[in-house]
Structure formats: structure tokens, C-alpha cells
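Here's the structure, in C-alpha cells; my notes come after.
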Amino acid sequence: MARIPITPFGGYLNPRSTEDDAALTSVGPRTPGGEYLRRFWQPIAMVEEVRDMPVPIRVLGEDLVLFRDKSGSLGLVHRHCSHRGTSLEYGIIGQHGIRCAYHGWAYDIDGTVLETPSEPPGSRLKETICHGAYRTHEHMGLIFAYMGPPDQVPEFPVYDTLVWPEQNKLVPYKLNMPCNWLQVHENAADPIHTAYLHSIVTGVQFTPSFAALPVLEFMETPQGLLAIATRRCGDNLWIRASDVILPNIAQFGTGFVDGEKEKFALCAAFTRWITPVDDTHCWVIGWRHFNDVIDPRHEGREDDIGLDKIDLMGQTDERPYLERQKSPGDWDAIVAQGPIVARAGENLASTDKGVALMRRQVRAGIRDVQAGKPLQQPRFHGKGVTPTYNNETILKVPQRDGDDQAVLRAFGHKVCAVVLNSDHLPVGERQAFVEKAVSDMRDSGAFYEGTQASEPKKEAANV
Ligand code: FES
Ligand SMILES: [Fe+2]
């Protein structure tokens, strides 16, 4: 932004900008951002939301109706009838498709007009019309939609964290946020907030370990970026490396880490999308993972996960306002940025490298779509399982005299580099491979190499 001269009491000179970056934040049909997001499968509902009545739903700025017909097939169609526009939320669900209540036109789930009963016998009107419809896909309690060009449907990506560890249980959830999708997604690339918002400024919201200021690093991955926060917890170092996946997906570790026990988890506690409802509303929608690797002490609370709820403080507006003012959570901080962040008024700082990188990646994707180029994501390996990079690693690497921050940086970087470079391995072998490589590095003192923390020892040995 154009900076103004430093002027105490100079608010008049610096009216808050309301300008947003529409290329990034727009989600409607034929907008740059909307065209990009439409190239991917997007989760739009929990399976449990679709029962025996049509569900009016708004996705990517489009008014739609979601229903399950009596043959069990899901339909996602334009809300307004192709005849004279009444809403199909009042439609009657049939064996195949849905029938408009107003004049009885019936549509199959692919938009085929099955009947126009008010027309004379022999009328071929229905052959000249196709109602707007989108493909859907059900996976582990969530309903996904593909709303892009019908001749460019991508394979549905099954991320490795969904199939490993083998006993992993996926519990779906969906939360509402009344703001643009991008600012919610940016939060995933902003790990420093986990120290300030979740501890230092507002009191401990997750565990006291989050209050330790992390050393940050951001690494590009084939699918987006890894936001790496490395903290010291006594003799242990803790990496919380969050996987930010293009265009609007992120994975995270748990909120319960105390840093006391060694841990190596190349998997996630959360895999979630930020699906735009329209330019100023979105859903946080995805799964919580339950398995012994990511949550060995079984601290997750499955009963607190689902529609409008998650077992992590501050992710909804359900707490009283005064309580949220005293200790605002992610929901409060992000929604309070405004319906759409006015990015022209920001002053990005050194901790915002991940946010800036993520924006560049999204912008590059938008440009690729505009130029008609194939997208690089999702990226598949082998039998359709897509490798990802989230990891929660705690290892004993005691502090030495010297530059401990450099040790933290080396630890975060070296562990995550192995995670990145092992993505060709089959999903069942990768965790063991990385765990061994990381322990070997620890045993050889690799995390102190090249940092001043290793030098006092060498000098002492030379005397
Ligand atoms: S408006 Fe739907 S059939 Fe007439
Ligand atoms: Fe947060």
C-alpha cells in the first residue's frame, strides 16, 4: 500500500481502505477466482443434511437445490426452474430426479427434462431444454460438487491422510463463516497467530505450549505450501507443519500438544476445505481424524464434531460476545477482518511470508485457468492416492549454548525436507521411512550442524 507520513493523531490522513483484490476473492460464475475454484471438487454439504426434502443451498455465488432422489442418487441443480423460475426447493422428489411444484416439469439429476406435463401430447419442447445441473460425489460423510466445465472433470483426489493410518476414522464437520473464503484460508498459512491469538495475547486457548514463539519457515510443495512452526518445549523440539493445499484446502495437527512426549505423525488431525457460499460467506468443511498416531492420548471429542460444531475452542460464534471479546478465537479474528479483507490497506510483515506465498500461488492458478493451461493440482501418485505433507513431530533435541533459534530452524527445515522428498513412497511405507531418517539425523547431531550451537563443543574438543 502507499504509506502515509508518520503523523500522530493522523487518522484523517489514513482512511481505512475498502478496496479488496477482486481477482482473488471473487467466486461467482465467470469471475477470475470463481473460474479457478470451479476446476476442483468442492465439498458442499454433510451427507446428514440431505434427507427426504430438497435443500436450498448457495455455492460459489449460485443458488442451487441439493436432493437425493428415491433411487438414492444425489442431485445438485440450479434452484430456479427452467420453465418460469420458481424454486425447486418446493419440488417433489421422484424415483428419478425432482418435479417442480408449479407446473409439474420434472428434471433428472443431470438436468435432463423428463416431463413437461402441461404441454400437448407429442410436444418436443423438453428435448430443446436442459436444466442446469452439477456432478456430485459422496466421500466419508461429505458431499462434493464439481461446478466447472463439464468436459474437464478432474479425478476425485483421495489424499493419503484419508487412508492412513489404516484404522483412521474420519468424522465430518461443517462450520459457517460470514466472510470471504480467502481470509479464512490465509489463516492456515499464518502460524504465528497460534502463539499470539491462541495464547500470548488472549490467554491459553489450546495448550500452554502454543505460547512459545515459533521459528517460522515456509516451503513450497507440489500442491501448495507447508507452513512450519518449530517451538522449543524443554529438551524437546516440536514441529507443527500445516499443509496448505491449492486451491482452498488445509491440514493441521492437533490442538492438544504439550511437547512432553516424543511424537512422529505424518498425518493430520484436520483436513478441511474453505468452500465459498458467495463472496462474503463460506463454510469450513472437512473431517477430523481419529487415530493413535495423531492423537495417541485420545483427547479428541467425537461427540463435539459435526454440523456447526468442532472440538476446538473459538471456531464458531456460539460463545457469548463478552467471552469472545475477552478471548477471541479464530472465528472472531477472521470474521472481524471484514466481509472481504481490504488488502490494499494491509501492511504485510515478516511473519506473513506464508500468506504472501499462498496468494501468489492462488493468483498463478487463476492466471493458468485464464490462459487455458492445465492445472498442476491435484497431483496423483500410483493408485490415485495423493501425497500430502502435514506433520506433527516432537523429538528430543536439547538446547546447547549458542544459537538455539538456528537449531529450531534447522530441525524444522530438515525434517520437512525429508517429508517432502519422500512423497514418492507408498503411503504405508512413508511414515516409517521418514521416522527413521529423522532419528538418524538426530543421532548424528545433524540438527546442530551449521548452527553456532554446535561450535562451542567443537572448540572445546580442539583445545
Ligand atoms: S415454474 Fe417450474 S414448472 Fe413452471
Ligand atoms: Fe488459529
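The values are calculated or read from the model by the stated rules, or taken from the named source; none is laboratory data. Keep in mind it's a predicted model, so treat the numbers as computed, not measured. Cβ atoms come from the backbone with ideal geometry, glycine included; neighbour counts cover every protein chain shown. Only protein heavy atoms, including side chains, enter the accessible area calculation; ligands, DNA and RNA are left aside. Shrake-Rupley method; radii C 1.70, N 1.55, O 1.52, S 1.80 Å.
For ILE192, are the conditions met, namely being surrounded by fewer than 19 Cβ atoms within 10 Å (Cβ to Cβ) and in contact (Cβ under 8 Å) with a residue 60 or more places away in the chain? Spelling it out, ILE192 is indeed surrounded by fewer than 19 Cβ atoms within 10 Å (Cβ to Cβ) and in contact (Cβ under 8 Å) with a residue 60 or more places away in the chain.
Looking at LYS414, LYS373, LYS436, can you tell me which residue is without any contact (Cβ under 8 Å) to a residue 60 or more places away in the chain, open to solvent by 60 Å² or more (accessible area, probe 1.4 Å) and part of a helix (DSSP H, G or I)?
LYS436
Looking at the structure I just gave you, is VAL50 without any contact (Cβ under 8 Å) to a residue 40 or more places away in the chain, in contact with a strand residue (DSSP E or B) (Cβ under 9 Å, 6 or more places away or on another chain) and open to solvent by less than 40 Å² (accessible area, probe 1.4 Å)? In short, no.
Quick one: in region 106-135, which of the residues that are of a type outside the set (A, V, I, L, M, F, W, C) and not in a loop (DSSP other than H, G, I, E, B) is farthest from ligand 1 (Cβ to nearest atom)?
Within region 106-135, the subset of a type outside the set (A, V, I, L, M, F, W, C) is 107-108, 110-112, 115-124, 126-128, 131-132, 134-135.
Retained after the next criterion (residues that are not in a loop (DSSP other than H, G, I, E, B)): 107, 112, 115, 126-128, 134-135.
Numbers: TYR107: 9, THR112: 15, GLU115: 10, LYS126: 11, GLU127: 16, THR128: 15, TYR134: 19, ARG135: 23 Å.
So the residue we want is ARG135.
Search region 195-227 for residues being under 29 Å from THR386 (Cα atoms) and modelled with pLDDT under 95, and hand back the single one that is nearest to ligand 2 (Cβ to nearest atom). The selected residue is GLN223. Of the residues in region 376-407, how many are farther than 25 Å from GLN431 by Cα and open to solvent by less than 30 Å² (accessible area, probe 1.4 Å)? Total meeting the criteria: 2.
Mind listing whichever residues of region 199-210 are in a helix (DSSP H, G or I) and open to solvent by less than 40 Å² (accessible area, probe 1.4 Å)?
Filtering region 199-210 for residues in a helix (DSSP H, G or I) gives 199-200, 208-210.
Hits for region 199-210 are SER199, SER209, PHE210.
Just one of the numbered conditions (1) open to solvent by less than 40 Å² (accessible area, probe 1.4 Å); (2) at pLDDT below 95; (3) of a type outside the set (Lys, Arg) is not true of CYS81: (2).
Applying the set (1) more than 24 Å from the chain's Cα centre (by Cα); (2) surrounded by 13 or more Cβ atoms within 10 Å (Cβ to Cβ) to GLU35 leaves exactly one unmet item: (1). Residues of region 306-330 that are open to solvent by 30 Å² or more (accessible area, probe 1.4 Å) and either aromatic (Phe, Trp, Tyr) or outside any loop (DSSP other than H, G, I, E, B) (or both): LEU307, LYS309, TYR321, LEU322, GLU323, ARG324, GLN325, LYS326. Of the residues making up region 106-141, those that are of a type in the set (Gly, Ala, Ser), over 18 Å from ASP63 (Cβ atoms) and either in contact with a strand residue (DSSP E or B) (Cβ under 6 Å, 6 or more places away or on another chain) or open to solvent by 80 Å² or more (accessible area, probe 1.4 Å) (or both) are ALA106, GLY141.
Being small (Gly, Ala, Ser) and either in a loop (DSSP other than H, G, I, E, B) or open to solvent by 60 Å² or more (accessible area, probe 1.4 Å) (or both) is the filter; apply it to region 63-78 and report the residue that is farthest from ligand 1 (Cβ to nearest atom).
Filtering region 63-78 for residues that are small (Gly, Ala, Ser) and either in a loop (DSSP other than H, G, I, E, B) or open to solvent by 60 Å² or more (accessible area, probe 1.4 Å) (or both), the one farthest from ligand 1 (Cβ to nearest atom) comes out as GLY72.
Of the residues contained in region 340-348, one or more are found to be free of Cβ contacts under 8 Å to residues at least 40 places away in the same chain and surrounded by fewer than 17 Cβ atoms within 10 Å (Cβ to Cβ). Residues of region 101-144 that are free of Cβ contacts under 8 Å to residues at least 60 places away in the same chain and small (Gly, Ala, Ser): ALA101, GLY104, ALA106, GLY111, SER118, GLY122, SER123, GLY132, ALA133.
With the structure loaded, tell me whether PRO56 is part of a loop (DSSP other than H, G, I, E, B) and either over 27 Å from PRO276 (Cβ atoms) or not assigned by TED's automatic domain parsing to the domain that holds VAL171 (or both) or whether it fails that test.
Numbers: part of a loop (DSSP other than H, G, I, E, B): no; either over 27 Å from PRO276 (Cβ atoms) or not assigned by TED's automatic domain parsing to the domain that holds VAL171 (or both): yes.
No, not satisfied.
Looking only at residues in region 88-105 that are open to solvent by less than 50 Å² (accessible area, probe 1.4 Å) and more than 9 Å from ligand 1 (Cβ to nearest atom), the one that is nearest to MET53 (Cα to Cα) is ILE93. Residue-level check: of (1) surrounded by fewer than 24 Cβ atoms within 10 Å (Cβ to Cβ); (2) away from ligand 2 (no atom under 13 Å from the Cβ); (3) small (Gly, Ala, Ser), ALA241 misses just (1).
Might you let me know whether region 156-174 holds any residue that is within 16 Å of ligand 2 (Cβ to nearest atom), within 30 Å of the chain's Cα centre (by Cα) and either part of a strand (DSSP E or B) or aliphatic (A, V, I, L, M) (or both)?
Narrowing region 156-174 to residues within 16 Å of ligand 2 (Cβ to nearest atom): 173.
Next cut, within 30 Å of the chain's Cα centre (by Cα) only: 173.
Now narrow it down to the ones that are either part of a strand (DSSP E or B) or aliphatic (A, V, I, L, M) (or both): 173.
The answer is yes; a qualifying residue exists.
Filtering region 155-176 to residues that are within 23 Å of ILE340 (Cβ to Cβ) and either free of Cβ contacts under 8 Å to residues at least 60 places away in the same chain or open to solvent by less than 10 Å² (accessible area, probe 1.4 Å) (or both) leaves only LEU175.
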